[in-house]
2 protein chains.
Amino acid sequence: MADFQSIAQQFVQFYYQTFDNERQNLAGLYRNESMLTFETSSMQGVQPIMEKLLGLAFQKVRHETSTLDAQPSINNSIIVMVTGALLIDEEARPMNYTQTFTLCPDGNGSYFVFNDIFRLILG
Amino acid sequence: MADFQSIAQQFVQFYYQTFDNERQNLAGLYRNESMLTFETSSMQGVQPIMEKLLGLAFQKVRHETSTLDAQPSINNSIIVMVTGALLIDEEARPMNYTQTFTLCPDGNGSYFVFNDIFRLILG
(Lines give C-alpha, C1' and ligand atoms only; values in the text may rest on other atoms or scores of the structure.)
Protein backbone atom coordinates (compact mmCIF):
# COMPACT_ATOMS: atom_id res chain seq x y z
CA MET A 1 0.00 0.00 0.00
CA ALA A 2 1.20 3.49 -0.80
CA ASP A 3 2.15 5.57 2.21
CA PHE A 4 -1.12 7.49 2.47
CA GLN A 5 0.23 9.80 5.15
CA SER A 6 3.12 11.11 2.99
CA ILE A 7 0.87 11.39 -0.06
CA ALA A 8 -1.65 13.40 1.97
CA GLN A 9 1.06 15.69 3.35
CA GLN A 10 2.63 16.30 -0.05
CA PHE A 11 -0.78 16.95 -1.57
CA VAL A 12 -1.84 19.43 1.11
CA GLN A 13 1.45 21.32 0.91
CA PHE A 14 1.21 21.53 -2.87
CA TYR A 15 -2.48 22.42 -2.85
CA TYR A 16 -2.21 25.42 -0.54
CA GLN A 17 1.08 26.65 -2.01
CA THR A 18 -0.57 26.60 -5.42
CA PHE A 19 -3.81 28.13 -4.10
CA ASP A 20 -1.93 30.99 -2.45
CA ASN A 21 0.50 31.71 -5.30
CA GLU A 22 -0.75 30.50 -8.68
CA ARG A 23 -4.38 29.61 -8.13
CA GLN A 24 -5.04 28.86 -11.82
CA ASN A 25 -2.68 25.88 -11.59
CA LEU A 26 -5.09 24.05 -9.28
CA ALA A 27 -6.93 22.98 -12.47
CA GLY A 28 -4.48 20.10 -12.87
CA LEU A 29 -5.72 18.54 -9.64
CA TYR A 30 -9.36 18.21 -10.70
CA ARG A 31 -11.16 16.03 -13.28
CA ASN A 32 -14.62 16.26 -14.80
CA GLU A 33 -16.05 13.97 -12.12
CA SER A 34 -14.55 16.11 -9.32
CA MET A 35 -16.91 17.89 -6.93
CA LEU A 36 -16.35 21.03 -4.91
CA THR A 37 -18.50 22.34 -2.08
CA PHE A 38 -17.24 25.77 -1.06
CA GLU A 39 -19.36 27.11 1.78
CA THR A 40 -22.92 26.93 0.41
CA SER A 41 -21.99 26.52 -3.29
CA SER A 42 -21.57 23.13 -4.96
CA MET A 43 -20.28 22.36 -8.43
CA GLN A 44 -18.85 19.51 -10.50
CA GLY A 45 -16.17 19.47 -13.22
CA VAL A 46 -12.89 21.26 -13.83
CA GLN A 47 -14.31 24.36 -15.46
CA PRO A 48 -17.06 25.16 -12.89
CA ILE A 49 -14.64 24.43 -10.04
CA MET A 50 -11.95 26.71 -11.47
CA GLU A 51 -14.45 29.48 -12.17
CA LYS A 52 -15.44 29.33 -8.50
CA LEU A 53 -11.88 29.26 -7.16
CA LEU A 54 -10.60 31.99 -9.49
CA GLY A 55 -13.66 34.14 -8.80
CA LEU A 56 -13.14 34.28 -5.01
CA ALA A 57 -13.04 37.95 -4.11
CA PHE A 58 -9.70 38.36 -2.49
CA GLN A 59 -6.37 39.37 -3.92
CA LYS A 60 -3.96 37.94 -1.41
CA VAL A 61 -4.62 34.77 0.54
CA ARG A 62 -2.57 32.54 2.75
CA HIS A 63 -3.52 29.17 4.27
CA GLU A 64 -1.82 28.08 7.48
CA THR A 65 -2.61 24.47 8.31
CA SER A 66 -3.00 23.43 11.95
CA THR A 67 -3.90 19.76 11.66
CA LEU A 68 -3.83 17.21 8.86
CA ASP A 69 -5.38 13.78 9.25
CA ALA A 70 -5.45 11.11 6.57
CA GLN A 71 -6.89 7.60 6.23
CA PRO A 72 -6.86 5.11 3.39
CA SER A 73 -10.33 4.81 1.90
CA ILE A 74 -12.34 2.96 -0.75
CA ASN A 75 -10.55 1.69 -3.92
CA ASN A 76 -7.13 2.96 -2.89
CA SER A 77 -8.38 6.49 -2.41
CA ILE A 78 -7.18 8.62 0.49
CA ILE A 79 -9.32 10.85 2.65
CA VAL A 80 -7.69 13.96 4.08
CA MET A 81 -9.15 16.38 6.63
CA VAL A 82 -7.36 19.66 7.27
CA THR A 83 -8.00 22.38 9.82
CA GLY A 84 -6.24 25.71 9.67
CA ALA A 85 -6.39 29.47 9.40
CA LEU A 86 -7.06 31.60 6.35
CA LEU A 87 -5.41 35.02 6.12
CA ILE A 88 -7.11 37.22 3.56
CA ASP A 89 -5.73 40.43 2.08
CA GLU A 90 -4.60 42.77 4.83
CA GLU A 91 -7.15 41.69 7.40
CA ALA A 92 -5.64 41.29 10.82
CA ARG A 93 -7.88 38.48 12.03
CA PRO A 94 -7.34 35.05 10.50
CA MET A 95 -10.44 32.89 9.98
CA ASN A 96 -10.50 29.23 10.95
CA TYR A 97 -11.48 26.75 8.28
CA THR A 98 -11.77 23.03 7.70
CA GLN A 99 -11.41 21.22 4.39
CA THR A 100 -11.83 17.59 3.40
CA PHE A 101 -10.46 15.98 0.23
CA THR A 102 -10.86 12.55 -1.28
CA LEU A 103 -7.76 11.82 -3.37
CA CYS A 104 -8.28 9.23 -6.07
CA PRO A 105 -5.47 7.38 -7.90
CA ASP A 106 -5.41 8.39 -11.60
CA GLY A 107 -3.76 5.16 -12.82
CA ASN A 108 -0.42 6.89 -13.56
CA GLY A 109 0.94 6.87 -10.03
CA SER A 110 -0.61 10.22 -9.27
CA TYR A 111 -3.85 11.37 -7.58
CA PHE A 112 -6.65 13.75 -8.42
CA VAL A 113 -9.21 15.41 -6.17
CA PHE A 114 -12.52 13.55 -6.31
CA ASN A 115 -14.27 15.32 -3.41
CA ASP A 116 -13.42 18.75 -1.99
CA ILE A 117 -15.45 20.32 0.83
CA PHE A 118 -14.49 23.66 2.37
CA ARG A 119 -16.08 25.46 5.33
CA LEU A 120 -15.15 28.45 7.46
CA ILE A 121 -15.52 27.87 11.19
CA LEU A 122 -17.44 30.76 12.66
CA GLY A 123 -17.65 31.80 16.30
CA MET B 1 -28.82 7.46 -7.30
CA ALA B 2 -29.83 7.51 -3.66
CA ASP B 3 -30.46 10.94 -2.23
CA PHE B 4 -27.06 11.38 -0.61
CA GLN B 5 -28.09 14.61 1.11
CA SER B 6 -31.00 13.00 3.03
CA ILE B 7 -28.93 9.94 3.88
CA ALA B 8 -26.16 12.19 5.24
CA GLN B 9 -28.61 14.24 7.29
CA GLN B 10 -30.33 11.18 8.74
CA PHE B 11 -26.98 9.61 9.54
CA VAL B 12 -25.60 12.69 11.28
CA GLN B 13 -28.73 13.17 13.34
CA PHE B 14 -28.71 9.52 14.39
CA TYR B 15 -24.96 9.50 15.06
CA TYR B 16 -24.89 12.43 17.47
CA GLN B 17 -28.16 11.51 19.16
CA THR B 18 -26.72 8.06 19.81
CA PHE B 19 -23.31 9.45 20.82
CA ASP B 20 -24.89 11.82 23.32
CA ASN B 21 -27.44 9.40 24.80
CA GLU B 22 -26.45 5.75 24.33
CA ARG B 23 -22.88 5.85 23.13
CA GLN B 24 -22.48 2.05 23.22
CA ASN B 25 -25.03 1.75 20.40
CA LEU B 26 -22.62 3.42 17.96
CA ALA B 27 -21.04 -0.04 17.57
CA GLY B 28 -23.68 -0.93 14.98
CA LEU B 29 -22.39 1.80 12.66
CA TYR B 30 -18.84 0.42 12.39
CA ARG B 31 -17.35 -2.69 10.75
CA ASN B 32 -13.97 -4.37 11.13
CA GLU B 33 -12.55 -2.35 8.23
CA SER B 34 -13.74 0.95 9.74
CA MET B 35 -11.13 3.49 10.79
CA LEU B 36 -11.36 6.21 13.42
CA THR B 37 -8.98 9.09 13.93
CA PHE B 38 -9.93 10.95 17.10
CA GLU B 39 -7.59 13.87 17.65
CA THR B 40 -4.12 12.25 17.56
CA SER B 41 -5.27 8.62 18.06
CA SER B 42 -6.01 6.26 15.18
CA MET B 43 -7.55 2.80 15.29
CA GLN B 44 -9.30 0.25 13.10
CA GLY B 45 -12.10 -2.22 13.81
CA VAL B 46 -15.29 -2.16 15.86
CA GLN B 47 -13.74 -3.14 19.18
CA PRO B 48 -10.81 -0.66 19.23
CA ILE B 49 -13.12 2.11 18.00
CA MET B 50 -15.73 1.41 20.67
CA GLU B 51 -13.08 1.19 23.39
CA LYS B 52 -11.90 4.64 22.35
CA LEU B 53 -15.36 6.18 22.17
CA LEU B 54 -16.59 4.64 25.42
CA GLY B 55 -13.36 5.58 27.18
CA LEU B 56 -13.65 9.32 26.50
CA ALA B 57 -13.44 11.04 29.85
CA PHE B 58 -16.67 12.93 30.07
CA GLN B 59 -20.01 12.00 31.57
CA LYS B 60 -22.36 14.30 29.73
CA VAL B 61 -21.80 15.42 26.17
CA ARG B 62 -23.89 17.20 23.60
CA HIS B 63 -23.07 17.84 19.93
CA GLU B 64 -24.67 20.83 18.23
CA THR B 65 -24.07 20.78 14.50
CA SER B 66 -23.58 24.06 12.63
CA THR B 67 -22.94 22.89 9.07
CA LEU B 68 -23.35 19.58 7.25
CA ASP B 69 -22.01 19.10 3.72
CA ALA B 70 -22.26 15.89 1.74
CA GLN B 71 -21.10 14.68 -1.66
CA PRO B 72 -21.46 11.34 -3.44
CA SER B 73 -18.09 9.59 -3.56
CA ILE B 74 -16.37 6.47 -4.88
CA ASN B 75 -18.42 3.22 -5.29
CA ASN B 76 -21.69 4.76 -4.10
CA SER B 77 -20.15 5.92 -0.86
CA ILE B 78 -21.05 9.30 0.63
CA ILE B 79 -18.65 11.76 2.18
CA VAL B 80 -19.97 13.96 4.97
CA MET B 81 -18.21 16.88 6.66
CA VAL B 82 -19.73 18.36 9.80
CA THR B 83 -18.78 21.41 11.83
CA GLY B 84 -20.31 22.12 15.18
CA ALA B 85 -19.92 22.70 18.89
CA LEU B 86 -19.28 20.18 21.63
CA LEU B 87 -20.69 20.85 25.09
CA ILE B 88 -19.00 18.74 27.72
CA ASP B 89 -20.25 18.10 31.25
CA GLU B 90 -21.08 21.38 32.94
CA GLU B 91 -18.46 23.47 31.17
CA ALA B 92 -19.84 26.79 30.08
CA ARG B 93 -17.73 27.22 26.96
CA PRO B 94 -18.53 24.97 24.00
CA MET B 95 -15.62 23.76 21.86
CA ASN B 96 -15.77 23.88 18.08
CA TYR B 97 -15.11 20.66 16.23
CA THR B 98 -15.10 19.24 12.72
CA GLN B 99 -15.77 15.63 11.75
CA THR B 100 -15.65 13.82 8.42
CA PHE B 101 -17.30 10.47 7.67
CA THR B 102 -17.22 8.21 4.65
CA LEU B 103 -20.47 6.22 4.59
CA CYS B 104 -20.29 2.98 2.65
CA PRO B 105 -23.32 0.97 1.43
CA ASP B 106 -23.52 -2.38 3.23
CA GLY B 107 -25.45 -4.17 0.49
CA ASN B 108 -28.67 -4.27 2.53
CA GLY B 109 -29.86 -0.77 1.78
CA SER B 110 -28.03 0.65 4.76
CA TYR B 111 -24.64 2.30 5.31
CA PHE B 112 -21.73 1.82 7.67
CA VAL B 113 -18.93 4.20 8.63
CA PHE B 114 -15.76 3.41 6.68
CA ASN B 115 -13.75 6.53 7.63
CA ASP B 116 -14.28 8.73 10.69
CA ILE B 117 -11.98 11.68 11.47
CA PHE B 118 -12.63 14.01 14.41
CA ARG B 119 -10.76 17.17 15.40
CA LEU B 120 -11.37 19.97 17.85
CA ILE B 121 -10.83 23.46 16.43
CA LEU B 122 -8.64 25.41 18.79
CA GLY B 123 -8.14 29.15 18.95
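Considering only residues in the stretch A:85-104 that are in contact with a Phe, Trp or Tyr (Cβ under 6 Å, 6 or more places away or on another chain) and of a type outside the set (A, V, I, L, M, F, W, C), the one that is nearest to the other protein chains (Cβ to nearest Cβ) turns out to be A:Thr102. Just one of the listed residues (B:Phe114, B:Phe118) is surrounded by 14 or more Cβ atoms within 10 Å (Cβ to Cβ), in a strand (DSSP E or B), of a type in the set (Phe, Trp, Tyr) and in contact with a helix residue (DSSP H, G or I) (Cβ under 7 Å, 6 or more places away or on another chain), and it is B:Phe114.
Looking at the stretch A:3-29 only, could you name the residues that are more than 20 Å from A:Leu68 (Cβ to Cβ) and in contact (Cβ under 8 Å) with a residue 12 or more places away in the chain? Give the derivation first.
Our first condition is that a residue be more than 20 Å from A:Leu68 (Cβ to Cβ); within the stretch A:3-29, this holds for A:22-25, A:27-28.
Hits for the stretch A:3-29 are A:Arg23, A:Gln24, A:Ala27.
Residues that are open to solvent by 90 Å² or more (accessible area, probe 1.4 Å) and either assigned to a helix (DSSP H, G or I) or modelled with pLDDT of 95 or more (or both) were ranked within the stretch A:1-21; the one that is farthest from A:Leu120 (Cα to Cα) is A:Gln10. Restricted to the stretch A:65-103, and to residues there that are open to solvent by 20 Å² or more (accessible area, probe 1.4 Å) and within 13 Å of the chain's Cα centre (by Cα), the residue that is farthest from B:Ser34 (Cα to Cα) is A:Thr65.
Which of the residues that make up the stretch A:34-43 are outside any loop (DSSP other than H, G, I, E, B) and loosely packed, with under 15 Cβ neighbours inside 10 Å?
If the condition is that a residue be outside any loop (DSSP other than H, G, I, E, B) and loosely packed, with under 15 Cβ neighbours inside 10 Å, then A:Ser41 is the only one that fits.
If the condition is being touching a Ser or Thr at 6+ places or on another chain (Cβ under 9 Å) and of a type in the set (S, T, N, Q), then the stretch B:89-110 contributes B:Asn96, B:Thr98, B:Gln99, B:Thr100, B:Thr102. Within the stretch A:22-33, the only residue that satisfies the criterion of being of a type outside the set (D, E, K, R), assigned to a strand (DSSP E or B) and surrounded by 14 or more Cβ atoms within 10 Å (Cβ to Cβ) is A:Tyr30.
Taking the options A:Asn76, A:Asn115, A:Asn108, name whichever one is in contact with a Pro (Cβ under 6 Å, 6 or more places away or on another chain) and closer than 16 Å to A:Phe11 by Cβ. Of A:Asn76, A:Asn115, A:Asn108, the one residue that is in contact with a Pro (Cβ under 6 Å, 6 or more places away or on another chain) and closer than 16 Å to A:Phe11 by Cβ is A:Asn76. Can you pull out the residues in the stretch A:67-98 that are of a type in the set (Val, Ile, Thr) and at pLDDT 95 or above? Across the stretch A:67-98, the qualifying residues are A:Thr67, A:Ile74, A:Ile78, A:Ile79, A:Val80, A:Val82, A:Thr83, A:Thr98. Of the residues making up the stretch A:47-61, at least one is among the polar types (S, T, N, Q), at pLDDT below 95 and surrounded by fewer than 17 Cβ atoms within 10 Å (Cβ to Cβ).
Entry remark, the stretch A:67-84: residues being closer than 14 Å to A:Tyr16 by Cα and more than 7 Å from every other protein chain (Cβ to nearest Cβ) number 4 in total.
The values are calculated or read from the model by the stated rules, or taken from the named source; none is laboratory data. Please read these numbers as outputs of a predicted model, since none were measured by experiment. All Cβ positions, glycine included, derive from the backbone under ideal geometry; neighbour counts span all protein chains shown. Quick note on the areas: whole protein, heavy atoms, side chains included, nothing else; ligands and nucleic acids left out. Shrake-Rupley method; radii C 1.70, N 1.55, O 1.52, S 1.80 Å.
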